[in-house]
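K.L.:
What follows is a structure written as structure tokens; I'll ask about it next.
The values are calculated or read from the model by the stated rules, or taken from the named source; none is laboratory data. Small disclaimer: the values here were computed from a predicted structure and weren't measured. We place every Cβ from the backbone using ideal geometry, glycine too, and count neighbours over all the protein chains shown. Ligands, DNA and RNA are stripped out before the accessible areas are found, and what is left, the full protein with its side chains, is counted by its heavy atoms. Shrake-Rupley method; radii C 1.70, N 1.55, O 1.52, S 1.80 Å.
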Amino acid sequence: MRLNSTTSTLWYFPPDDDEEVPKFSVNQLQDNDIAHGLKDLSSGDILSFDFDREQATITLKVAGVDAGTIPLEQETDANAFLASWNQGLKLVNAKTPTLLRPTTSSRNSVHSNRRSKRVSRNSQTKSMVAADDPLTKVTDFLAKSRDQILEPRDMTIRILTWNLHGELLYEQESFEDFSRLLRDPEGGPLKDVYICGFQETIPLTAKNLHHSPVAIEGWCNALLDSLKKLDPNEGYRVLSTNALLGLTTIVVTKETWFEQFSRVESQTIGTGLLGVWGNKGAITTRFVLGADFSAGLDGLTFQHINCHLAAGESAAALLRRRTELYDIEHRFGLAADKVSLAAFEDKEDEILSESLEELNAVTEGPNPRISLDYSSDEDESFIPRSSLDTAKKANVENAVQALTLDDDASMISYASGEQQDGILFISGDLNYRVGLSPEIAQHLVKNKNYQQLLENDSLLREKSEEKVFIGMCEGPIEFMPTYKYVDTTDDYDYLRTPSFTDRVLFSEHETLKQTHYSNVPELKSSDHRPVISDFQVRVPYINMPVRKALLAGYYKELDALENSSRPVVTVTPLDLGGDVNVLTPLVVSSILKNNGETNITWKLFDTSGETLMMMNRLDDGESSPRPRRSHYHAASSERSKFLTSSVKAIPSSGTLAAGASQKLEIEARAPIGASTLEGVYILRIGDGQDFFLSYKFGVLPTFLGKSVDDLTDASNHGGLPENICQFTDFLMDKGFPQMFTRALDWSGLDTLNQAVILSNLEQEIIADVNEGRSIDYEMIAKFDSISGQRREGTRSVANMFYLLMKNLKDGVIPLNMSVYLINTYYKGKKSFKTREGLVSYLLDTISPGRANLLIFLCSFFRHLYEQKGVSIAVIYGLFENLLVPLPKVSRIRLLSTSSFRTLKKRRRELLNILILD
């Protein structure tokens with residue numbers, strides 16, 4: 001990012017990842033060498049602005065040194081540059097030990113002492129906070145009272161896994177059938193928590209390549225309705241849902257346990273086609289029970305992983321499943337200590353690498369084609385046919401089976417995720433088979449000789465050799481194989497070996513006990529049978545009524561001790577909030593009134609470590625004009641990878657005369673991707689009472705930050721996302737050469753984590769599109785007319801189109817697919833010299849929806865270039881990496897990275913055909 005002043009050019013380079021340090025330079029205006037004076041950003045490199053309204057200028061200062069001035073009219077661009085700079089400072093401060101940071105102000109000192117870890121969990125932080133700090137008093141009181149609020153209790157959990165074979169069984173099964181999944185086998189009470197993991201929730205076809213919210217809602221309703229019928233006196237709530245194509249996880253809990261859950265998180269990983277597609281993969285759900293961080297109670301962490309692994313009985317299939325488990329562990333991390341999902345022997349590394357290349361290769365030759373088998377769980381599903389031929393020629397199976405090891409060869413784990421002393425459950429269609437012929441296996445099943453079947457079970461064999469599920473447990477299997485049945489019958493498919501493909505495993509924990517493990521043979525609608533596993537676990541339980549009563553008594557005690565000498569003030573209201581659109585400010589306020597006879601001083605603290613309140617002086621109830629400009633600060637979320645919220649703040653301390661009032665304002669702007677913004681402020685009155693002001697903002701649903709699959713389809717646009725078509729239709733009609741000027745200034749910002757500053761018109765556009773209304777052409781025409789040649793109305797539409805594209809979740813083409821797309825295009829580019837040939841290739845290579853969207857957008861940019869005069873350099877500069885992304889490369893290493901430059905060149909050739917030819 002660049003900012004030019006009268007004497008200098010300021011350069012700022014955000015880090016590519018959390019491991020890098022932001023860099024900057026301040027060069028003389030005529031010095032065009034970016035690398036000259038480039039250095040790492042440090043805590044003392046504070047960028048500040050001094051406003052001179054009379055002269056209409058802004059003076060820039062870096063670490064207190066004058067860096068020139070800019071016109072006041074560039075304030076919007078300057079604030080965007082400042083927001084990115086401050087984000088870099090926050091990253092630097094997070095990496096720098098607190099005692100080594102320069103002390104710039106008392107407010108910064110407070111910030112550095114209250115990071116994401118709670119006071120009770122960080123002794124160094126706690127020692128640096130003043131002893132009379134109200135937050136410290138409360139946390140100390142709760143820590144001393146933890147024995148009164150903590151009541152360990154037994155919780156019952158059921159893990160359910162079922163491959164549905166693409167059937168919408170919630171529409172077909174009766175209540176009696178559903179109740180078998182939920183009721184206790186011994187007739188006991190219902191479970192406290194149900195963790196339901198489904199596979200193939202919807203049929204996987206070439207036209208059905210994304211998960212169905214309708215199916216998720218249908219299963220949630222079916223589960224809740226069945227639980228209500230089983231026990232009308234017990235209420236249940238959905239705690240968490242997530243889906244990945246056919247994979248679905250639903251967590252349901254009793255109302256009485258609901259408020260005990262915290263830090264509920266969920267992630268997905270696709271391990272299917274090309275290692276990323278979602279026909280195979282996993283969903284992880286984490287939550288913490290019985291945590292009260294204010295009282296120093298960390299609670300007990302649970303993690304559930306719902307898997308659907310690759311099918312097949314060959315050694316190559318075993319190897320693929322093991323690598324999928326490695327990917328899952330590497331991506332998610334594990335909540336349990338001393339366990340691992342997959343390990344490889346030292347001498348197996350080379351064969352593993354070669355095998356993976358063969359299994360993931362699509363094809364070779366001038367005319368690549370992908371032949372997909374959309375069946376549910378047949379061997380070699382979703383594996384390119386040419387890859388299978390290659391794997392067979394390479395004889396991967398024989399190579400792995402013939403592998404010999406030294407007696408002292410050690411097993412090494414490749415997992416890099418964070419591990420904790422929590423509890424881990426793994427369930428799903430793991431697709432491990434019994435290594436017997438169908439005839440022998442079915443004979444053993446008929447004679448209920450399950451033990452001999454299990455002696456040939458590939459999962460148990462791999463586990464005993466410590467290749468998979470190292471340190472994990474599984475209960476005794478005393479039930480029939482769960483796959484493969486003839487639908488609606490009790491008969492196994494005579495061509496397939498009956499196998500225990502559907503399993504539940506768990507980590508050892510001193511408080512965890514498995515009480516039941518079985519299948520549900522009565523449910524016959526799928527070619528799999530459901531599997532259930534029940535557990536009892538002793539968990540920390542926070543007695544909320546006792547906690548609230550203790551705090552209420554403590555607050556009254558503090559009031560009684562301190563109120564006699566304090567000023568008489570009122571603050572109304574104490575609870576603030578509302579619903580806010582993303583990137584759109586919403587102001588809520590509270591009134592502080594001095595009812596005493598003397599002046600008072602006040603100061604506001606944010607309990608999360610940032611002062612985010614906005615103050616405006618009110619004398620005798622009359623509001624003074626609000627300053628038009630101020631800085632923006634970001635409030636850190638609990639985990640740095642999550643989104644940040646922005647709050648516009650004006651000085652947070654002052655003096656209030658007797659009888660006067662002070663208006664306390666919070667102006668919240670939600671970033672793209674946030675769901676709620678909430679926090680608590682402590683308003684400290686000098687020699688007086690402390691007040692706790694809480695706020696909670698709900699973030700309204702938005703089109704920004706969604707994936708292509710989640711955007712609304714438009715039947716009149718050939719199935720293309722309606723939200724995108726609204727903008728392209730307008731810009732194809734009203735566009736002009738300079739309409740993306742402001743978007744260029746935003747291109748260096750990570751708009752998911754850094755707040756861009758929007759005009760009122762842009763905020764109106766977001767609100768209209770969020771609420772399903774069409775773009776207001778008349779309003780935009782008025783803005784174009786008022787602003788003359790700048791045409792601010794059309795420019796605002798262009799800005800919103802750029803924000804939509806920049807924040808598309810997974811982009812138009814996912815990263816892993818785009819690199820493959822570029823390289824395979826290059827290998828066969830002699831066949832794609834024409835646009836028609838390349839279009840045909842795209843439709844054959846990637847999913848139809850994404851291929852059509854890419855082709856449509858390229859045609860749109862061709863129109864802007866040819867008909868509206870938009871520079872092709874601007875189009876490529878803004879959208880090239882959004883259409884076909886490339887891996888991130890450090891800006892410092894960019895000039896020496898020849899492979900990256902080659903990828904960029906090949907991508908440009910591909911896009912030139914689509915846009916320019």
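K.L.:
If you stretched the chain out fully between THR136 and SER179, how much longer would it get, using 0.36 nm times the residue separation minus the C-alpha to C-alpha distance?
P.N.:
10.6 nm
K.L.:
Taking the Cα-to-Cβ direction at PHE49 and at ASN93 and moving 7 Å from each Cα, how far apart do the two end points lie in nm?
P.N.:
Simple spin-label model gives 1.9 nm for this pair.
K.L.:
Would you grab the residues whose amide H sits under 5 Å from the one on GLY68? Only those 5+ places off in sequence or on another chain, please, with H modelled 1.01 Å from N.
P.N.:
The list, which skips near neighbours in sequence, is LEU60.
K.L.:
I need the calculated FRET efficiency for the pair SER899 and SER675, taking r as the beta carbon distance and R₀ as 41 Å, to the nearest 0.05.
P.N.:
E(calc), rounded to 0.05, equals 0.60.
K.L.:
Work out, step by step, the length gained on full extension between ASN912 and GLU439: first 0.36 nm times the residue separation, then minus their alpha carbon distance; give nm to one decimal.
P.N.:
164.4 nm
K.L.:
A further question follows. Taking amide H positions as placed in the peptide plane 1.01 Å from N, state which residues far from GLU678 in sequence (5 or more) or on other chains have amide H under 5 Å from it.
P.N.:
Here the answer is PHE697, since their amide H atoms fall under 5 Å of that of GLU678.
K.L.:
Ordering HIS304, HIS863 from largest to smallest accessible area (1.4 angstrom probe), what's the sequence? Show your work: numbers first, answer last.
P.N.:
Details: HIS304 0, HIS863 50 Å².
Order by accessible area, largest first: HIS863, HIS304.
K.L.:
Now for a separate question. Are there trypsin sites (Lys or Arg not before Pro) in the stretch 435-487 that DSSP puts in a loop and that have at most 16 other Cβ atoms within 10 Å, and which ones?
P.N.:
Loop-located and lightly packed - LYS448.
K.L.:
A follow-up question, please. If amide hydrogens are placed 1.01 Å from N in the peptide plane, which non-local residues have theirs closer than 5 Å to the one on ASN242?
P.N.:
HN-HN under 5 Å from ASN242: THR249.
K.L.:
Also: Would you calculate the separation in nanometres between label points at LEU574 and ALA63, each defined as 7 Å from the Cα along the Cα-to-beta-carbon direction?
P.N.:
Spacing of the two 7 Å Cα→Cβ label points: 4.6 nm.
K.L.:
As an exercise, identify the chymotrypsin sites (Phe, Trp or Tyr not before Pro) in the stretch 417-523 lying in DSSP coil whose Cβ has no more than 12 other Cβ atoms within 10 Å.
P.N.:
For chymotrypsin sites (Phe, Trp or Tyr not before Pro) across the stretch 417-523 that sit outside H, G, I, E and B with at most 12 neighbouring Cβ atoms in 10 Å, the list reads TYR494.
K.L.:
Testing the spin-label approximation: label points 7 Å from Cα along Cα→Cβ at GLN867 and SER785. State their distance in nm.
P.N.:
So the two model labels end up 2.5 nm from each other.
K.L.:
With the cut-off at 31 Å, tell me which of the pairs LYS228/LYS280; LYS144/LYS696; LYS280/LYS338; LYS23/LYS905; LYS90/LYS734 have Cα atoms farther apart than that.
P.N.:
Long pairs (Cα-Cα over 31 Å): LYS228/LYS280; LYS90/LYS734.
K.L.:
Subtracting the Cα-Cα distance from 0.36 nm times the residue separation, let me have the gained length for SER262 to GLU478 in nm, one decimal.
P.N.:
74.2 nm
K.L.:
A further question follows. Mind checking the per residue accessible area of the stretch 461-519 for me, 1.4 Å probe, whole number of Å²? Present the calculation step by step, with values, prior to reporting the outcome.
P.N.:
Details: 2640 Å² over 59 residues.
Solvent-accessible surface per residue comes out at 45 Å².
K.L.:
Listed highest first by mean packing, meaning other Cβ atoms within 10 Å per residue, what order do 70-83, 866-879 come in?
P.N.:
Numbers: 70-83: 17.6, 866-879: 15.9.
Final packing ranking: 70-83, 866-879.
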